[in-house]
Amino acid sequence: FLFLALILMSTINFGHAQNSDEDKNAIVEVRQTAMQAMWTRLDRLSTLIAQPGDIVTSSDGSAIIVGSENKTEPTEYYTLIHGKEPSQDALEIYNLLSQVENFWPNNTSIHHVQYTNAEQLVWLIPEAFKRYYTDSVIASENLNKSFDSKNYENIRRSVCMLALSCGRCHGAFRKVKFDNLR
(Lines give C-alpha, C1' and ligand atoms only; values in the text may rest on other atoms or scores of the structure.)
Protein backbone atom coordinates (compact mmCIF):
# COMPACT_ATOMS: atom_id res chain seq x y z
CA PHE A 1 0.00 0.00 0.00
CA LEU A 2 2.72 2.44 0.96
CA PHE A 3 4.52 2.12 -2.36
CA LEU A 4 1.28 2.46 -4.34
CA ALA A 5 0.43 5.67 -2.49
CA LEU A 6 3.89 7.08 -3.11
CA ILE A 7 3.73 6.23 -6.81
CA LEU A 8 0.29 7.79 -7.16
CA MET A 9 1.36 10.90 -5.27
CA SER A 10 4.27 11.41 -7.63
CA THR A 11 1.95 11.37 -10.66
CA ILE A 12 -0.46 14.04 -9.45
CA ASN A 13 0.03 17.54 -10.73
CA PHE A 14 -1.41 19.75 -7.98
CA GLY A 15 -0.96 22.85 -10.09
CA HIS A 16 -3.52 21.61 -12.60
CA ALA A 17 -5.77 19.63 -10.25
CA GLN A 18 -8.46 22.30 -10.43
CA ASN A 19 -8.88 21.65 -14.15
CA SER A 20 -8.51 17.90 -14.35
CA ASP A 21 -11.12 15.43 -13.11
CA GLU A 22 -8.49 12.73 -13.48
CA ASP A 23 -6.14 14.52 -11.08
CA LYS A 24 -8.93 15.18 -8.56
CA ASN A 25 -9.94 11.51 -8.61
CA ALA A 26 -6.29 10.51 -8.26
CA ILE A 27 -5.96 12.68 -5.13
CA VAL A 28 -8.99 10.93 -3.62
CA GLU A 29 -7.59 7.53 -4.58
CA VAL A 30 -4.23 8.33 -2.97
CA ARG A 31 -5.78 9.50 0.29
CA GLN A 32 -8.06 6.44 0.42
CA THR A 33 -5.11 4.13 -0.29
CA ALA A 34 -3.02 5.86 2.37
CA MET A 35 -5.83 5.65 4.93
CA GLN A 36 -6.29 1.93 4.21
CA ALA A 37 -2.55 1.39 4.58
CA MET A 38 -2.61 3.23 7.92
CA TRP A 39 -5.58 1.16 9.10
CA THR A 40 -3.77 -2.08 8.22
CA ARG A 41 -0.77 -1.01 10.28
CA LEU A 42 -2.86 0.26 13.19
CA ASP A 43 -4.80 -3.01 13.19
CA ARG A 44 -1.52 -4.90 13.47
CA LEU A 45 -0.33 -2.57 16.24
CA SER A 46 -3.36 -3.58 18.29
CA THR A 47 -1.37 -6.75 19.02
CA LEU A 48 0.63 -4.60 21.44
CA ILE A 49 -2.38 -4.02 23.70
CA ALA A 50 -3.37 -7.69 23.91
CA GLN A 51 -3.72 -9.03 27.43
CA PRO A 52 -2.80 -12.50 28.73
CA GLY A 53 -5.29 -15.02 27.35
CA ASP A 54 -6.22 -12.87 24.31
CA ILE A 55 -6.07 -14.55 20.93
CA VAL A 56 -4.24 -12.48 18.34
CA THR A 57 -4.59 -13.32 14.66
CA SER A 58 -2.06 -12.47 11.98
CA SER A 59 -2.92 -11.36 8.46
CA ASP A 60 -2.42 -14.91 7.19
CA GLY A 61 -5.03 -16.22 9.63
CA SER A 62 -2.70 -17.93 12.08
CA ALA A 63 -3.42 -17.25 15.73
CA ILE A 64 -1.45 -17.12 18.94
CA ILE A 65 -2.70 -16.93 22.51
CA VAL A 66 -0.93 -14.31 24.58
CA GLY A 67 0.49 -16.18 27.52
CA SER A 68 0.39 -15.18 31.15
CA GLU A 69 3.09 -17.52 32.44
CA ASN A 70 6.04 -16.36 30.37
CA LYS A 71 7.94 -13.10 30.17
CA THR A 72 7.48 -12.45 26.47
CA GLU A 73 7.22 -8.72 25.79
CA PRO A 74 4.42 -7.33 23.58
CA THR A 75 6.92 -6.29 20.91
CA GLU A 76 8.21 -9.86 20.76
CA TYR A 77 4.67 -11.17 20.20
CA TYR A 78 4.23 -8.56 17.51
CA THR A 79 7.37 -9.60 15.67
CA LEU A 80 6.48 -13.28 16.03
CA ILE A 81 2.97 -12.77 14.65
CA HIS A 82 3.60 -10.14 11.99
CA GLY A 83 7.20 -10.82 10.99
CA LYS A 84 8.31 -7.21 11.44
CA GLU A 85 9.10 -4.74 14.17
CA PRO A 86 6.13 -2.71 15.44
CA SER A 87 8.21 0.47 15.30
CA GLN A 88 8.36 0.03 11.51
CA ASP A 89 4.56 0.08 11.26
CA ALA A 90 4.40 3.09 13.59
CA LEU A 91 6.91 5.00 11.47
CA GLU A 92 5.02 4.13 8.29
CA ILE A 93 1.78 5.46 9.80
CA TYR A 94 3.50 8.73 10.65
CA ASN A 95 4.99 8.98 7.16
CA LEU A 96 1.65 8.30 5.49
CA LEU A 97 -0.13 10.85 7.71
CA SER A 98 2.51 13.43 6.80
CA GLN A 99 2.41 12.65 3.08
CA VAL A 100 -1.36 13.00 2.64
CA GLU A 101 -1.97 15.80 5.12
CA ASN A 102 -2.87 18.24 2.34
CA PHE A 103 -4.83 15.80 0.19
CA TRP A 104 -8.23 17.34 0.98
CA PRO A 105 -8.30 20.37 -1.33
CA ASN A 106 -11.71 21.99 -1.87
CA ASN A 107 -12.04 20.53 -5.34
CA THR A 108 -12.01 16.94 -4.04
CA SER A 109 -15.31 17.01 -2.17
CA ILE A 110 -18.24 14.85 -3.30
CA HIS A 111 -19.39 17.80 -5.43
CA HIS A 112 -16.23 17.60 -7.56
CA VAL A 113 -15.26 13.92 -7.75
CA GLN A 114 -16.96 10.65 -8.59
CA TYR A 115 -16.62 9.13 -5.12
CA THR A 116 -15.18 9.91 -1.71
CA ASN A 117 -15.74 8.57 1.80
CA ALA A 118 -15.01 12.00 3.23
CA GLU A 119 -17.95 13.86 4.69
CA GLN A 120 -18.75 17.33 3.36
CA LEU A 121 -17.84 18.63 6.85
CA VAL A 122 -14.14 18.35 5.90
CA TRP A 123 -14.67 21.31 3.59
CA LEU A 124 -17.36 23.11 5.61
CA ILE A 125 -15.34 23.27 8.84
CA PRO A 126 -11.74 22.83 7.69
CA GLU A 127 -10.30 24.22 10.95
CA ALA A 128 -11.93 21.38 12.92
CA PHE A 129 -10.78 18.80 10.40
CA LYS A 130 -7.23 20.17 10.55
CA ARG A 131 -7.28 19.98 14.37
CA TYR A 132 -8.46 16.35 14.38
CA TYR A 133 -5.88 15.46 11.73
CA THR A 134 -3.15 17.23 13.70
CA ASP A 135 -4.18 15.26 16.81
CA SER A 136 -3.60 12.05 14.84
CA VAL A 137 -0.18 13.25 13.67
CA ILE A 138 0.79 14.13 17.25
CA ALA A 139 -0.47 10.75 18.53
CA SER A 140 1.59 9.07 15.82
CA GLU A 141 4.69 11.06 16.82
CA ASN A 142 4.15 10.08 20.45
CA LEU A 143 3.82 6.42 19.47
CA ASN A 144 7.14 6.58 17.64
CA LYS A 145 8.79 8.23 20.65
CA SER A 146 7.37 5.57 22.97
CA PHE A 147 9.30 2.85 21.16
CA ASP A 148 12.54 4.63 22.04
CA SER A 149 11.65 4.47 25.74
CA LYS A 150 11.01 0.70 25.64
CA ASN A 151 8.37 1.35 28.30
CA TYR A 152 5.62 -1.07 27.30
CA GLU A 153 2.91 0.76 29.21
CA ASN A 154 3.79 3.94 27.28
CA ILE A 155 3.73 1.97 24.03
CA ARG A 156 0.31 0.48 24.85
CA ARG A 157 -1.08 3.86 25.86
CA SER A 158 0.32 5.45 22.69
CA VAL A 159 -1.26 2.77 20.47
CA CYS A 160 -4.60 3.42 22.20
CA MET A 161 -4.24 7.20 21.81
CA LEU A 162 -3.47 6.86 18.10
CA ALA A 163 -6.48 4.59 17.59
CA LEU A 164 -8.63 7.04 19.55
CA SER A 165 -7.50 10.07 17.55
CA CYS A 166 -8.00 8.25 14.23
CA GLY A 167 -11.43 7.11 15.39
CA ARG A 168 -12.46 10.61 16.44
CA CYS A 169 -11.52 12.03 13.06
CA HIS A 170 -13.26 9.24 11.15
CA GLY A 171 -16.30 9.51 13.40
CA ALA A 172 -16.71 13.16 12.53
CA PHE A 173 -15.41 13.39 8.98
CA ARG A 174 -15.92 10.04 7.25
CA LYS A 175 -19.13 8.67 5.82
CA VAL A 176 -20.20 5.62 7.76
CA LYS A 177 -21.72 2.92 5.63
CA PHE A 178 -22.62 -0.63 6.47
CA ASP A 179 -19.86 -2.08 4.27
CA ASN A 180 -17.08 -0.10 5.99
CA LEU A 181 -18.07 -0.81 9.58
CA ARG A 182 -15.70 -3.10 11.39
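The values are calculated or read from the model by the stated rules, or taken from the named source; none is laboratory data. Keep in mind that this is a model prediction, so the values were computed, not measured. Note that each Cβ is placed from the backbone with ideal geometry, even for glycine, and that neighbours are counted across all protein chains shown. Ligands, DNA and RNA are excluded from the accessible area calculation, which covers all protein heavy atoms including side chains. Shrake-Rupley method; radii C 1.70, N 1.55, O 1.52, S 1.80 Å.
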Legend entry - Karplus 3J(HN,Hα) series, Hz, for the range 48-55 with 6.51 cos²θ - 1.76 cosθ + 1.60 (x for Gly, Pro): 5, 9, 5, 9, x, x, 5, 9
Inset, instruction - Using the Karplus curve 6.51 cos²θ - 1.76 cosθ + 1.60 with θ = phi - 60°, work out ³J(HN,Hα) for each residue of the range 113-128 in order, rounded to whole Hz, and write x for Gly and Pro. - result: 10, 5, 7, 8, 8, 6, 6, 4, 4, 3, 8, 7, 10, x, 5, 5
Inset, instruction - Compare Asp148, Asp43, Asp89, Asp21 by solvent-accessible area with a 1.4 Å probe and give them largest first, with all protein chains kept in place. - result: Asp148, Asp21, Asp43, Asp89
Legend entry - Distant-in-sequence amide H partners of Arg174 (H built 1.01 Å from N, under 5 Å): Glu119
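Between Rg and the Kirkwood Rh of the range 30-96, both from Cα atoms, what is the Rg to Rh ratio?
Dividing the radius of gyration by the Kirkwood radius yields 1.02.
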Legend entry - Sparsely packed GluC sites (Glu not before Pro) within the range 67-150, loop by DSSP, other Cβ within 10 Å at most 12: Glu69
Legend entry - the range 104-174 - Kirkwood radius from inverse mean 1/r over Cα pairs (Å): 13.3 Å
Legend entry - Whole-number D in µm² s⁻¹ for the range 37-182, Kirkwood Cα-pair radius fed into Stokes-Einstein, 20 °C, 1.002 mPa s: 129 µm²/s
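In square angstrom, what is the accessible area per residue of the range 36-151 with a 1.4 angstrom probe?
Details: 6280 Å² over 116 residues.
Solvent-accessible surface per residue comes out at 54 Å².
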Inset, instruction - For the range 131-166, run through the trypsin sites (Lys or Arg not before Pro) and keep only the ones in DSSP coil with at most 16 other Cβ atoms within 10 Å of their Cβ. - result: Lys150
Inset, instruction - Report ³J(HN,Hα) in whole Hz for each residue of the range 156-166, in order, from the Karplus equation J = 6.51 cos²θ - 1.76 cosθ + 1.60 where θ = phi - 60°; Gly and Pro get x. - result: 4, 4, 5, 4, 4, 5, 5, 4, 5, 5, 5
